[in-house]
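Right, one structure below, let's go through it.
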Amino acid sequence: MREDRGHQQGDRKTQDFRVAMSAKSRMAQLFKDFREISSNSSTGVDLLRYRCLHQPDQLAFTFLEDGETESDRLTYSELDRRSRAIAAQLQALGGSGERVLLLYPPGLEYIAAFFGCLYAGAIAVPAYPPRNQRHAARLQTAVSVATDSQAAIALTTTAILPQVQSLLADKRGTIHWLTTDTIPPGIEDTWQKPSINAETLAFLL
């Protein structure tokens, strides 16, 4: 049984690594494309808006559930819409210029949340959430990131909200929690483009 559990944990770590590397590789390629786009595109917001305008139906990101099987995808148009919706909600909460904690399991919701922060002019603070209390190292990392970043807002999903709130119980009174998968449709139309440039701080690691 211990050997089987070890294999399962190893498989999960491999899956998480593949997903993380795939997302990082795709995002790196996306930002590398700055060189091929108009000189007016100086930020990640400009880049994605350009892609949405000129290549709305082109695939932007794909999520591989087990590192091999596709389970979700986003076109540039879909990513832009979801990013504007998250950004509009952040702007309504006064999140522009604030540090925003990102607590997500592997998936495209994290990508949308990251770009949502860019679209809001907020500072993204990624923190991979532990699956449960037994993952002490990951738990400590998440708590440390939440504390050190002084994040005012935390983004996550409805499915793991109770879990991350309990894990960060000491911070519950100081953080405004927002589940990005329950943002009502149409709010993206209220988004206002932030006043940012290539020198604006986008995220903290």
> Of all the residues that make up the range 67-90, how many are buried (at least 20 other Cβ atoms within 10 Å of the Cβ), farther than 14 Å from ASP57 by Cα and of a type outside the set (A, V, I, L, M)?
Replying inline: 4
> Could you say which residue among TYR104, TYR50 is among the hydroxyl-bearing types (Ser, Thr, Tyr) and assigned to a helix (DSSP H, G or I)?
Replying inline: TYR50
> Could you list, in sequence order, the residues of the range 116-166 that are of a type outside the set (Gly, Ala, Ser), modelled with pLDDT of 75 or more and over 30 Å from ALA198 (Cα atoms)?
Replying inline: THR158, ILE160, LEU161, PRO162, GLN163, VAL164, GLN165
> What are the residues in the range 63-86 that are closer than 23 Å to ALA124 by Cβ and either in contact with a Leu (Cβ under 8 Å, 6 or more places away or on another chain) or free of Cβ contacts under 8 Å to residues at least 12 places away in the same chain (or both), if any?
Replying inline: PHE63, ASP72, ARG73, LEU74, THR75, TYR76, LEU79, ASP80, ARG82, SER83, ILE86
>> Among the residues of the range 186-199, are any farther than 27 Å from LEU47 by Cβ, of a type outside the set (Val, Ile, Thr) and part of a loop (DSSP other than H, G, I, E, B)?
In response: no
> Does ASP80 qualify as being in contact with a Cys (Cβ under 9 Å, 6 or more places away or on another chain) and either over 14 Å from THR156 (Cα atoms) or not in a helix (DSSP H, G or I) (or both)?
Replying inline: yes
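The values are calculated or read from the model by the stated rules, or taken from the named source; none is laboratory data. Predicted, not measured: the structure shown is a model, and the values here were computed from it. Note that we place each Cβ from the backbone using ideal geometry, even for glycine, and neighbour counts take in every protein chain shown.
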